[in-house]
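Taking it in order: structure first as structure tokens, then the write-up.
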Amino acid sequence: MHNVTLIPGDGVGPEITEAVVKSIEATGVNITWDYQDAGTDVYENEGTPLPERVLNSIKKNKVALKGPVTTPVGTGFRSVNVTLRQELDLYACLRPCKSYKGSRSRYEDIDIIVVRENTEDLYAGVEFQKDDTHTMELIEFVNARSAKKVRNDSGISLKPNSVYGSERIVRFAFEYARKHNRKKVTSVHKANIMKFSDGLFLEVSREVAKSYPDIEFEDRIIDNMCMQLVQKPELYDVLVLPNLYGDIVSDLAAGLIGGLGLAPGANIGSKIAVFEATHGSAPKYKGMNKVNPMAMMLSGVLMLRYLDENNAADRLESAISDIVEEGKDVTYDMKPTPDDPTAVSTSGVADAIAKRLK
Ligand code: NAD
């Protein structure tokens, strides 16, 4: 029996979470769910979008399955998703992008693992608002010491990449590669421009690679990487990236396999893991029972593997893969056109999967 914290999230989160719970339970695996609300509605009622009770539940259970949570743009509360990863030190974001036969994509046979650093870089949350006293002090400090001047009316986000943070994420990527019989790790950066932050990430990547002579290592500059992924994705295997590039490349890689509806993810630390889809809360579809629950179901597959429930994971993944291949019981995003009248609902997908697993 497993205890798992379940965070339905907001936007389309609650409806996809319900579908995922139904499909996981249909595998027969024994899970007690500890429901914990977080996000926009919780912010209105409890004054914070991420109350302590949610963090305490995850710390106790060590495993969570999480729906997406909205982050207000520019103003408002800080991202619950980023805070969770930082508070629980879930330093590795694992995003497998694998083609399923029948998915609507320009590509076939994609099998790329994106390993994104989750705690540092431009996502560290070290930001200074325009006109704030501390910002003015910082600008004064920088302008006194640097040949390059920062304008006084600037807002500033810092990009810290440490040896500690870079080493553990690159090591995670190589360990993953070794464990899963992968052949190559590519470190992605912009070290030609950001010599001290991305340059450090690259230097550490090269150093760590020396301990894994059985696995090929190479590096790519991020802009070239994006072009190469579109033109020849078959050349790539495991990618390891600092936080922001990892975020963007995850969506690019999701596009290669048929969209966000099929892209799962996991945030993993040394003792705790939180599983969630790559996509967000898609607010315009909230309450419509319309979006694809498969990305979160596949995140559930990753969770079952993490819990050593490999049989349940294999069965659930096969059920999803069969349904994608048949193309009948799938949501609008997996039909030839988005207005296809044969598209099924979010709960319809869950029903079809549960039926198949019986
Ligand atoms: P999004 O991923 O929510 O949606 C972008 C578009 O992708 C949608 O409009 C929809 O067309 C499609 N899409 C997404 N999920 C889908 C699904 N399951 N099935 C079918 N189509 C799907 O990205 P966004 O609109 O940029 O962000 C919305 C909110 O979500 C923002 O507040 C953002 O901060 C937040 N967000 C949260 C997470 C998270 O919780 N981990 C991740 C990304 C974005």
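Quick look at the numbers
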read-out	value
Candidates 119, 71, 342, ranked by Gaussian network fluctuation over the chain, Cα under 10 Å, top entry	342
Max mean-square fluctuation residue, GNM over the chain, Cα-Cα springs under 10 Å, options 297, 136, 334	136
Vicinal HN-Hα couplings computed from phi for region 132-137 (Karplus, 6.51 cos²θ - 1.76 cosθ + 1.60; Hz; Gly/Pro x)	5, 4, 5, 5, 4, 4
Hull shadow area, averaged, region 98-239 [alpha-carbon convex hull, nm²]	11.0
Positive-pole candidate from 202, 256, 227, dipole of region 163-256, charges at beta carbon	202
Dipole of the chain, positive direction: furthest Cα of 283, 105, 35, with charges on the beta-carbon	105
The chain, relative contact order [Cα under 8 Å, separation at least 6], %	24
MRE, 222 nm, helices only [DSSP H, n ≥ 4, -39500 (n - 2.57), over the chain, to nearest 500]	-13000 deg cm²/dmol
Karplus 3J(HN,Hα) series, Hz, for region 307-318 with 6.51 cos²θ - 1.76 cosθ + 1.60 (x for Gly, Pro)	7, 6, 9, 5, 5, 4, 4, 4, 5, 5, 5, 5
Region 163-256 - percent relative contact order, Cα under 8 Å, separation 6 or more	37
Antiparallel content of DSSP bridges confined to the chain, in %, to 5	40
Taking all pairs of distinct alpha-carbon atoms in the chain, Kirkwood radius in angstrom	21.3
Hits among aspartates and glutamates - C-alpha to C-alpha of residue 358 under 16 Å, sequence gap 8 or more where chains match	25, 314, 317, 322
Computed magnitude of the charge dipole of region 163-256 (debye, nearest 20; Cβ of K, R +1, Cβ of D, E -1)	200
Charged-residue dipole, Cβ positions (Lys, Arg, Asp, Glu), the chain about Cα centre, Debye nearest 20	560
In degrees, nearest ten, helix 243-256 long axis to first principal axis of the chain (Cα)	40
Relative contact order (%) - criterion: Cα under 8 Å, at least six apart; region: region 1-50	46
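Each reported figure results from applying straightforward, stated rules to the coordinates on display, with no laboratory input. Note that the structure is a prediction, hence the values are computed from the model and not measured. FYI the Cβ positions are ideal-geometry reconstructions off the backbone, even for glycines, and counts take in every protein chain you see.
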